[in-house]
Amino acid sequence: MKHLAITLLLGLAAATAGGQTRFVVVNGQRLSDAQVAQFARLNCSVVPDGRYWLNPASGAWGYAGGPQQGRVGDGCRNRDGTEGPFATLRRAEEVANGYRGRGQHAVAFHNGDGYYVRVAR
């Protein structure tokens with residue numbers, strides 16, 4: 001789902017840049033303010049103005065001309081062991097089961113704005 005959102009985000013990057021307040025360029029395409037906001041939501045963090053590269057298939061990203069800095073969604077991994085949001089409870093349970101398979105205690109839950117997984121640290 002996240003890869004589809006990234007692909008759609010980049011596909012819409014050809015939109016006009018008129019009236020923009022942000023300067024975020026991904027794979028050579030300037031994003032609109034709305035696209036930057038959507039991208040920030042996918043990454044659960046603020047996206048600073050700048051030039052970036054992004055691999056839509058893997059979610060890997062970096063600064064233009066530089067090495068990989070992370071993956072889209074890394075900002076969603078909170079220090080309290082919470083990951084998300086996920087679109088469905090089924091996906092959250094799949095992620096939780098991955099942790100359980102490694103012997104960790106994990107629970108999937110809904111908090112009103114999405115589905116999350118909390119992992120005991």
Taking the Cβ of residue 49 as the centre, find all other residues whose Cβ is under 15 Å away and add up their charges (Lys, Arg: +1; Asp, Glu: -1).
-> +2
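When the chain is fully extended, how far beyond the present Cα-Cα distance does residue 109 get from residue 21, taking 0.36 nm per residue of separation?
Here the segment from residue 109 to residue 21 would lengthen by 28.1 nm.
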Within the stretch 43-121, GluC sites (Glu not before Pro) in DSSP loop having at most 14 other beta-carbon neighbours inside 10 Å | none
Taking only the alpha-carbon positions of the stretch 77-119 and ignoring solvent, what does the Debye formula give for the base-10 log of I(q)/I(0) at q = 0.15, 0.19, 0.22 Å⁻¹?
-> -0.29, -0.46, -0.60
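Mind listing which trypsin sites (Lys or Arg not before Pro) in the stretch 37-114 are in a DSSP loop and have 15 or fewer other Cβ atoms within 10 Å?
Hits after loop and neighbour filter: 77, 79, 102.
Rule-based calculations on the coordinates, nothing more; no lab input. Remember, predicted model here, so these are calculated numbers, not experimental data. When we count neighbours, we look across all protein chains shown, and the Cβ atoms used for this are built from the backbone with ideal geometry, even at glycine.
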